[in-house]
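Nothing in this text is a laboratory measurement; each read-out follows from the coordinates by a stated rule. Treat the numbers as computed from the prediction; the structure is a model and nothing was measured. Cβ placement follows ideal geometry from the backbone for every residue including glycine, while neighbour counts extend to all protein chains displayed.
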Amino acid sequence: MVSLSTSAADLKASQSNDSLPQLSPVPLGWSPDGRVVVRAHLLGERLILKTLETTESLSTNPLIVRAGVSGCAVLLRYGVVVVFNLTRLEETSYLASLQSWIKEPSSEDVCEELLLAFHPTAKERLEKSTLWLKDCSAERLQIVAEALAKSVVLDYYEQEVFSLFEQIKPFTTAIQNPKQRPPQQKELLRYIGGILLIQQKMLGIVEVGDKPDPIWDFPDLNRLYLRLEDEYELRERLLILEQKLTLISRSVETALGILQQGSSHRVEWYVVILIVVEILLSIYEILLQ
């Protein structure tokens, strides 16, 4: 009876494991003892994936395609391409081939680099600038790509926000020093639009604070993503960016309010002057009669 019950339990466990989703191996022939160089590039605002999805893909959500002799690339719709195991020449050639599908190309090359190593018993963490993984499954590569891509996007917007701070500095000093030229309403509205656009891209398009799609099918990979998220300080950097954008927005809105208040005062004076002129004209007409 004991052996029968044990066999039934083993069969049930086997059937349960068969029903679980399995990780997708990536047939690229990488050596288990070698190292794989990973580089993430921000190419533009968006990457049009509809045409690229028709090419030979290794996985989707996000899309993985073959690249180079023995490498691959993860293509993300928010304009980031993450290449694995490509030589510099292969990488340059491959990125150049994507130019037709990039919407609003970036003027600056924002890049992040990482080294991968593999071992079946690895604890999947960063050790001396090398990330150890248990295998090179598509889902693990997708999670690594998502973390690097979000770090690159945050790098880009950190530079943008720093530039915004420098641009609005004269506005804030003009409030204290009346001798300086006050900002124009069109300038202030343009900065408000720029702030809203950055917030829309970060939270609505890139979804920096969200977890990658593979985690929903493979919850065990959540630990890997959390370690990468912590290593690149994704949440902390996102929070700091949001606080800076809030401060910039408040500063610009304050300057705009002061400007509108000054304009309303001028309008009031114009009204008073018109009334005085109307009274003087009336008195003049009475004197003439």
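For this structure, a couple of remarks:
- Protection proxy ranking of 70-79, 100-109, 138-147, 155-164 - average other beta-carbon atoms within 10 Å, highest first: 138-147, 70-79, 155-164, 100-109
- Length gained on full extension, residue 61 to residue 211: 52.8 nm, using 0.36 nm per residue less the C-alpha separation.
- Net charge contributed by nearby residues that have their C-beta within less than 11 Å of residue 71 (K/R +1, D/E -1): 0
- Label-point gap, in nm, between residue 48 and residue 89 - each point 7 angstrom along Cα→Cβ: 3.1
- Filter on 50/128; 128/150; 128/169; 134/244; 50/169 - keep pairs with C-alpha separation over 32 Å: 50/128; 128/169; 134/244; 50/169
- Label point distance in nm, residue 130-residue 243, each placed 7 Å from Cα along Cα→Cβ: 3.7
- log10 of Debye I(q)/I(0), alpha-carbon scatterers only, for region 26-151 at 0.11 Å⁻¹: -0.34
- Cα centre as origin, Lys/Arg/Asp/Glu Cβ charges: region 25-98 dipole, Debye: 140
- Taking a ≥ b ≥ c as the square roots of the Cα gyration tensor eigenvalues, region 22-95 comes out oblate, since a/c reaches at least 1.5 and a/b does not exceed b/c.
- Directionally averaged projected area (region 61-130, Cα convex hull): 6.2 nm².
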